[in-house]
Each structure stands twice: as structure tokens, then as C-alpha cells.
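The values are calculated or read from the model by the stated rules, or taken from the named source; none is laboratory data. Being a predicted model, the structure only gives us computed values, none of them experimental. With ideal geometry, Cβ positions are generated from the backbone for all residues, glycine too; neighbour counts draw on all protein chains shown.
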Amino acid sequence: MMCCAVHDGLKYTHSHEWVKHHEDGVVTVGITDHAQSHLGEVVFVELPEAGAQVSAGGSFGNVESVKATSDVNSPISGEVVEVNSKLSETPGLINSSPYEDGWMIKVKPSSPGEADGLLDAAKYTKHCEEEDAH
């Protein structure tokens, strides 16, 4: 039984971030429903400034919950073009709406094909089920 929502059309990482491609080439990044459910109530989010460079697999910020502080890793390399400023006032959007209102950053990828190696919804669902079984 799957605990958490996984959206078709997004790409996912093993560390529970998601990527959504837009027609203008920019991608939106956030953490998955699975990640937020394991974190518990999110109380603080630290994000980079617009203009910052992020690299695939590298941390770009962190999410603090009542349980722990966790790094958030970028699924792709590129330049941050927008940051979700709502999260500084309302970090709980990550819990209530991880794929819509709780997005974190928008990135202009430096290498557009980089996200092709990420997990699709079916593979990510399987990854979560295997992880939860341990």
C-alpha cells in the first residue's frame, strides 16, 4: 500500500526531490509527498537566492521539521531563476501541497538532458516501497 502521492509527468530522485519541466526550459524543484510525510511538520525552509548556481546531487538548502533538519539536493545543475518566497512565511505549504504551492526553486538547467537519468513515477514509487520495507 502506497502512503504518498506520486505525480505522473514529474521526474524524481532517490533522495526524494521532484523535477517538473516547463516549456520555456526552466524546471521547478521541490520535495516529494513521501519526503514531507517522513519529515513531519515543516517549520522552517532555507533556500538559495535567485542567481545562485546549483549542481546535481549538491545541497541547495534545507528543510527543518519538528523531527529533524534535512538537506535538499538539486536534481540538476544550473542557475536558480526563482525562489518560492511563500515558504519563508508559510513553510507548512511543503506538507499541505508538496507538488503545487510547496515548490522550492525554479532552475534554468545548464545541461537540459540531465534530468533524463532521473526516476519516473513508477520507478520512484517502487523505490519508496522498497525503502519503507526496510
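Annotations for the structure displayed:
- Within the stretch 114-134, if we keep just the residues that are in a loop (DSSP other than H, G, I, E, B) and modelled with pLDDT of 90 or more, the residue that is nearest to the chain's Cα centre (by Cα) turns out to be Leu118.
- Scanning the stretch 42-68 for residues that are under 20 Å from Asp132 (Cα atoms) and exposed (fewer than 13 other Cβ atoms within 10 Å of the Cβ) turns up Lys67, Ala68.
- Enumeration of residues in the stretch 94-112 that are over 23 Å from Val54 (Cα atoms) and without any contact (Cβ under 8 Å) to a residue 40 or more places away in the chain: Ser96, Ser97
- Checked against (1) under 15 Å from Tyr12 (Cβ atoms); (2) touching a residue at least 24 places away in the same chain (Cβ under 8 Å), Asn84 passes all but a single condition, namely (1).
- The condition of being in contact with a Leu (Cβ under 9 Å, 6 or more places away or on another chain) and of a type in the set (Val, Ile, Thr) holds for only one of Val6, Val27, Val42, Val54, that being Val42.
- Across the stretch 30-52, not a single residue is classified as free of Cβ contacts under 8 Å to residues at least 12 places away in the same chain and in a loop (DSSP other than H, G, I, E, B).
- Filter pass, Ser111 being at pLDDT below 95, hydroxyl-bearing (Ser, Thr, Tyr) and out of contact with any Ser or Thr (no Cβ under 8 Å at 6 or more places or on another chain): no
- Taking first residues from the stretch 113-127 that are more than 12 Å from Gly9 (Cα to Cα) and touching a residue at least 12 places away in the same chain (Cβ under 8 Å) and partners that are surrounded by 15 or more Cβ atoms within 10 Å (Cβ to Cβ) and small (Gly, Ala, Ser), the Cβ contacts under 7 Å between residues at least 6 apart in sequence or on separate chains come to Glu114/Ala56; Glu114/Ser77.
- Check on His16, buried (at least 20 other Cβ atoms within 10 Å of the Cβ), in contact with a Cys (Cβ under 7 Å, 6 or more places away or on another chain) and closer than 20 Å to Glu130 by Cα: no
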